[in-house]
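Below is one structure, written out as structure tokens; the observations come after it.
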Amino acid sequence: MNLAFPVTSTPEVEAMVGSNAFAFLESGLFWGFLGAALCALLAFIGSARGVNIAGEAAAGLVTEDPSMFGKIVIIENLPATQAIYGLLIAFVAVSKLGLFAPELAEVSLLQGALLFLACMPMGIVGLISAIYQGRTAAATISILTKNPNETSKCILITAMVETFAIFALLISFLLVNFIIK
């Protein structure tokens, strides 16, 4: 089976890849960057879905009472915080890999795999908790249809789901910082 690609290659690339076209899979940098990217991506997807769920409920309330917009916009956007957490872990991970340094770090396959795994708590929990937080936000927005003065209670109820994203943030942050000094 010929795995030749119709792409011109440089001596540097050939030296790095050698005769194995999939040698990059054995690179710690590959697994570290993949973990950082998935962490951010999963948290972004969850946040987008969570804000969407809450936004649908918010749109219904604003249609009935446009003056409620200021009260519900905070509740609607609470699931977006998981995207911020995922991005934070991704930045910490890629900085450990030397992305912002003059040259990339020397990372073993084991370190890269561990970095990948260290990013996953925030990515997976960010995905799931943002969706659940969006569902909770939608439920609390329905509370405001009956009692518009309960905004602070609605924010608190919705923010309780955030606790688990914060735990995942802490776990991933500590693990990422432990793996590559």
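No lab work stands behind these numbers, since they all come straight from the coordinates. The shown structure was predicted, so the numbers you read here are calculated from the model rather than taken from an experiment. Note that each Cβ is placed from the backbone with ideal geometry, even for glycine, and that neighbours are counted across all protein chains shown.
Annotations for the structure displayed:
- Taking chymotrypsin sites (Phe, Trp or Tyr not before Pro) across the range 66-137, the ones in a DSSP loop with at most 10 further Cβ atoms lying within 10 angstrom of their Cβ are PHE100.
- Listed by Cβ neighbour count within 10 Å, with the fewest neighbours leading, GLU106, GLU150 appear as GLU106, GLU150.
- Taking the number of Cβ atoms within 10 Å of each Cβ as an exposure proxy, the fewest-first ranking of THR145, THR81, THR151 is THR145, THR151, THR81.
- Residue order, fewest to most surrounding Cβ atoms within 10 angstrom, among LEU25, LEU127: LEU25, LEU127
- Residue with peak Gaussian network fluctuation, the chain [Cα springs, cutoff 10 Å], from ALA36, ALA105, ALA137: ALA105
- Choice from ASN149, ASN77, ASN52 showing the highest fluctuation, given a GNM over the chain with Cα pairs closer than 10 Å: ASN149
- Here the 3J(HN,Hα) profile of the range 63-70, calculated from phi with Karplus coefficients 6.51, -1.76 and 1.60 at θ = phi - 60°, is 4, 6, 9, x, 5, 7, 3, x Hz, Gly and Pro shown as x.
- Set of lysines with alpha-carbon distance to LYS181 below 25 Å, sequence-local pairs under 8 removed: LYS96
- Across the range 135-147, computed HN-Hα scalar couplings (Karplus, 6.51 cos²θ - 1.76 cosθ + 1.60, θ = phi - 60°) run 5, 5, 4, 4, 5, 6, 5, 5, 4, 5, 5, 8, 9 Hz from first to last residue, x flagging Gly and Pro.
- Long-range HN-HN contacts of GLY98 with modeled amide H, under 5 Å: ALA105
- Computed [θ] at 222 nm, deg cm²/dmol, the chain (DSSP H ≥ 4; -39,500 (n - 2.57); rounded to nearest 500): -26500 deg cm²/dmol
- Calculated over the chain: convex hull of Cα atoms, volume per residue (Å³): 156 Å³
- Per-residue ³J(HN,Hα) for the range 101-115, Karplus 6.51 cos²θ - 1.76 cosθ + 1.60, θ = phi - 60°, Hz, x for Gly and Pro: 9, x, 9, 5, 6, 7, 10, 6, 4, 4, 4, x, 5, 5, 5
- Calculated log₁₀ intensity ratio I(q)/I(0) where the Debye formula runs over C-alpha points of the range 58-160, q = 0.22 Å⁻¹: -1.05
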